[in-house]
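What follows is one structure encoded as structure tokens, with my remarks underneath.
Please treat every number below as a calculation from the coordinates, not as lab data. The model shown is predicted, which means the values in this text are computed figures rather than measured ones. Cβ sites come from the backbone with ideal geometry, for glycine too, and all protein chains shown count toward neighbours.
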Amino acid sequence: MKYPKLRELKEAIKALIKGPFTTKFPFEPHTPFPRFRGIPVPNEKEGCIGCGACADVCPPRAIKVVDDLAANPPMRSIRWRHDYCIFCGQCERLCTTKEGVKLSNTEFDIADLNRNNMFAEIKKELIVCSDCGEVIAPKEQILYIAKKLGPMGYSNINLIVFTQQEFLDTSHIASEKSSQSSGRQSAFKILCPKCRHQVWVFDDHGK
Ligand code: SF4
Ligand code: SF4
């Protein structure tokens, strides 16, 4: 029992000479450790494609995805709520592009009297089905997939039509509305899986 007592005494004397180990923040600036996990900072311009995959892996559901279909053009907003965030880093680790969001290692002082101010948000244009208006994906996500697939993207009619629209003026074909998705003329429109299925079924049966 003698040794632990001496060891504690030694620690106490050392602490008296060296001073407290705790930092003096907020009276003095604090520099976190290099691998410190601060608030998630989305990279709206170069990185985030608005896919919303991070919201599915966020343990406390701190990431909210809201689609505004009444807007012109339809928009998706993705909001990282700092007041719900537990700074686990899952959104950064499992981000589709690996560049969409990064946990800051300098921003940690997020105290605010109004918790509704504690968020970061990005907005992305949505592509919707030409016939039923169902959400297909954000525009940047479709371009990202087309780029990833390269020539293999030509196996998907939506990707062909969409990338053509981006480089040629074929928007009038894709945005033409019909009362029903049927017939070969509908094949070259941007459609959701359900309407696309209808087009092929009607085409196959020649109705
Ligand atoms: S690109 Fe990354 S950060 Fe952006 S919505 Fe998708 S998973 Fe989230
Ligand atoms: S760091 Fe964790 S809790 Fe915070 S937004 Fe990302 S996934 Fe959600």
Practice task
Please report, in whole Å, how far the alpha carbons of the chain spread along each principal axis, starting with the longest.
Solution key: 95, 36, 31
Fill in the blank from the handout: Given pairs Lys24/Lys123; Lys102/Lys139; Lys124/Lys189; Lys102/Lys189; Lys14/Lys102; Lys98/Lys123 and cut-off 28 Å on Cα-Cα distance, the over-length ones are Lys24/Lys123; Lys102/Lys189; Lys14/Lys102
Fill in the blank from the handout: Leu16 and Trp200 label points (each 7 Å along its Cα→Cβ direction) are spaced in nm at 8.2 nm
Fill in the blank from the handout: Phi angles of segment 145-155, converted by Karplus (6.51 cos²θ - 1.76 cosθ + 1.60, θ = phi - 60°) into ³J(HN,Hα) in whole Hz with x for Gly and Pro, give 5, 4, 5, 5, 6, x, x, 5, x, 6, 8
Exercise for the section: Grab the Cα-Cα distance for Ile86 and Asn105, subtract it from 0.36 nm times how many residues apart they are, and report the gain in nm with one decimal. Expected result: 5.4 nm
Handout entry: Full-extension gain in nm, Thr31 to Glu8, via 0.36 nm per residue minus C-alpha separation
Key = 5.3 nm
